[in-house]
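In what follows, a single structure is set out as structure tokens and then discussed.
What follows draws every value from the coordinates through simple rules; no lab data is involved. The structure presented is a predicted model; accordingly, all values stated were derived computationally and were not measured. Note: ideal-geometry Cβ built from the backbone for every residue, glycine included; neighbour counts use all protein chains shown.
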Amino acid sequence: MDNFCILKRGYHLSYDHTRFSDFTFKNLRLNLRYFLCGPPQSEGEGIYYRIIHNQQKTCIQCIIFYKTQWVPYHPHDYHPFYIYLDAKNCVEFLLIDDGHHFSKLIPIKKNNRQFTQNITIFLPDHGLTNQLGRISKIFKPKLLPLLPEQIVKWWTINNMAQLKLRSKLIDPWASGLIPDKPTQKDSIIYRLNHLVPLKMFPFAEKDLYFTFRDESICPKCQSLDTLDFMSYYYNNTTGNHFLTKKMTCKNNHTYDIRFNFKKGEIEYF
């Protein structure tokens, strides 16, 4: 694992899931539910988790993993949600994959009463929503530790099934991940937009600035592009692993990028 940065320097990892048994915290009870799709329950499926400590703050990273997504079809399906705790182990906010890996901020009140929040896996694409609590079904997830070997295995798949959560897995406080205020878009309408060929509700495309995926910045015009699949490459001479992609920005400038696993960052060349 020497050639892979799986955690930002200065952070610390743990895997003690007893601190969030049944996803219950001092100020929050998180109910996991599903609607129009089943929960992850086959062998190897479930919620992969790890706990990242950054000084007085903590992030519990969770990735819901399915072996298959049926609509549209592809093997391997990953949908993250993060739980952010303060120094007193109270939940400050949740960050969920609101469809196509855009991140949605859900603030949690800090008080002596325990607040209940429903998070539902919705439709065949397995994204998450906090808008279907009453009509969805609850399930008890299978928790699996997200170990370095598993992360590397998912990252180095050389097709669309690879894990696109990279620098924002290494650093859950990375720029471009956490909205500075609760997300305003109607997530269900937004999700339906991406399941049909035409954009039926253009207004639902607003407020899509924060994502679990990496972004690249065009060196010529500074326009921003969200990254998806990148071709995997291994250098036999140096023993280094890379992901590479040729980019064309919205202004038709072309440039090449590379994700350096050892540094955990995007490089331009």
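When peptides 19-29, 169-179 are sorted by average Cβ neighbour count within 10 Å, with the highest value leading, the order is 169-179, 19-29.
How much FRET efficiency would the formula 1/(1 + (r/R0)^6) give for residue 116 and residue 15, where r is the Cβ-Cβ distance and R0 is 30 Å, rounded to 0.05? Given R0 = 30 Å and the Cβ-Cβ separation, E is 0.70. Let me know the charge dipole size of the chain about its Cα centre in debye, to the nearest 20, where only the beta-carbon of Lys, Arg (+1) and Asp, Glu (-1) is charged. The calculation lands at about 620 debye. Taking Cβ atoms as reference points and 15 Å as the exclusive limit, the residues near residue 268 contribute a net charge of -1, counting Lys and Arg as +1 and Asp and Glu as -1. When Cα Rg over 2.2 N^0.38 Å is calculated directly from the model, which label among (i) 1.19; (ii) 1.08; (iii) 1.00 fits? Label of the calculated value: (iii). Among the listed pairs 104/168; 8/245; 181/245; 57/220; 110/164, which are separated by more than 26 Å between their Cα atoms? Result: 181/245; 57/220; 110/164 exceed 26 Å. For segment 1-145, what does the alpha-carbon gyration tensor say about shape, rounded, prolate or oblate, given a ≥ b ≥ c as the root eigenvalues, a/c under 1.5 as rounded, and a/b over b/c as prolate? The shape class here is oblate. Seen from residue 222, the other residues with C-beta closer than 15 Å to its C-beta sum to a net charge of 0, counting Lys and Arg as +1 and Asp and Glu as -1. With all projection directions averaged, the alpha carbon convex hull of segment 214-268 covers 3.8 nm².
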